[in-house]
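Here the structure comes first, spelled out in structure tokens, and everything after it is commentary.
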């Protein structure tokens with residue numbers, strides 16, 4: 001499979017999203033949110049202070065951009081250059097937040113860590129947090145294993161959550177009241193020679209398959225709805241941490257590659273990058 005470069009000199013590219021003809025993403029350790037146009041031009045959407053790491057991004061129905069502040073443990077809203085705290089999750093999350101997906105009605109699901117991931121604390125499961133359109137904050141699901149990337153089906157009836165600490169995906173049914181039920185666990189196979197399989201950022205295609213970045217396995221995989229591993233894209237230089245289907249027909253798979261998986265091991269120079277490859281089945285749902 002032919003993989004082409006898109007953008008380099010990033011610190012830790014993550015949480016890519018395709019919207020309005022452009023690729024949006026966070027550079028977590030670079031403290032920036034970026035927009036990459038179809039012509040390759042890069043626009044700085046917002047730069048956060050050095051004590052905040054932006055991660056998951058999504059949009060409210062009114063067009064405002066939401067950004068997860070990992071270290072501040074809040075969700076920010078960006079509106080015409082102004083940044084405000086949209087949801088304060090510090091009372092629900094004692095440790096860093098991570099990714100996020102925003103549903104069509106504005107419901108935001110926010111993942112995070114249940115332990116001091118960079119400080120060497122002991123591992124613990126964590127909840128998937130939910131910020132409802134009216135601002136109410138609650139737990140959408142409990143006891144997930146380091147929940148990370150998420151995807152919503154086009155019919156808005158299913159939420160898929162990557163659980164890298166469990167080597168699996170969780171698939172939830174979304175009820176009419178917005179509750180997550182009927183959890184289905186889908187174990188993923190390890191890459192040859194890898195100690196674990198660690199699904200990180202994910203996206204869906206129109207056949208119901210999941211594309212998942214597996215940084216420890218140094219690959220991006222396509223998993224059919226049945227759980228069968230259908231396609232593997234090896235990544236030899238760096239750690240693929242997220243992927244999204246975009247482009248005019250949503251048949252371009254963008255892959256975010258980080259130079260390290262731990263903040264404690266990050267290099268001083270920006271060595272992360274974005275690459276892309278074309279696939280047969282178009283993207284579907286969110287992101």
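Annotations
- Count - residues of segment 23-52 that are within 21 Å of residue 98 (Cβ to Cβ) and either at pLDDT below 95 or touching a helix residue (DSSP H, G or I) at 6+ places or on another chain (Cβ under 8 Å) (or both): 1
- Within segment 176-212, the set of residues being surrounded by fewer than 16 Cβ atoms within 10 Å (Cβ to Cβ), modelled with pLDDT of 95 or more and within 26 Å of residue 137 (Cα to Cα) comprises 181, 182, 183, 184, 185.
- Of the candidates 170, 139, the single residue that is under 13 Å from residue 109 (Cβ atoms) and either within 18 Å of the chain's Cα centre (by Cα) or surrounded by fewer than 12 Cβ atoms within 10 Å (Cβ to Cβ) (or both) is 170.
- Residue 45 surrounded by 15 or more Cβ atoms within 10 Å (Cβ to Cβ), in contact with a strand residue (DSSP E or B) (Cβ under 9 Å, 6 or more places away or on another chain), free of Cβ contacts under 8 Å to residues at least 40 places away in the same chain and in a strand (DSSP E or B): yes
- Residues that are surrounded by 18 or more Cβ atoms within 10 Å (Cβ to Cβ) and in a loop (DSSP other than H, G, I, E, B) within segment 116-136 comprise just one, 117.
- Test for residue 189: is it in contact with a strand residue (DSSP E or B) (Cβ under 6 Å, 6 or more places away or on another chain), farther than 18 Å from residue 282 by Cα and not in a strand (DSSP E or B): yes
The values are calculated or read from the model by the stated rules, or taken from the named source; none is laboratory data. Not measured: the values here are computed from a predicted model. As a convention, Cβ positions derive from the backbone with ideal geometry for all residues, glycine included, and neighbour counts pool all protein chains shown.
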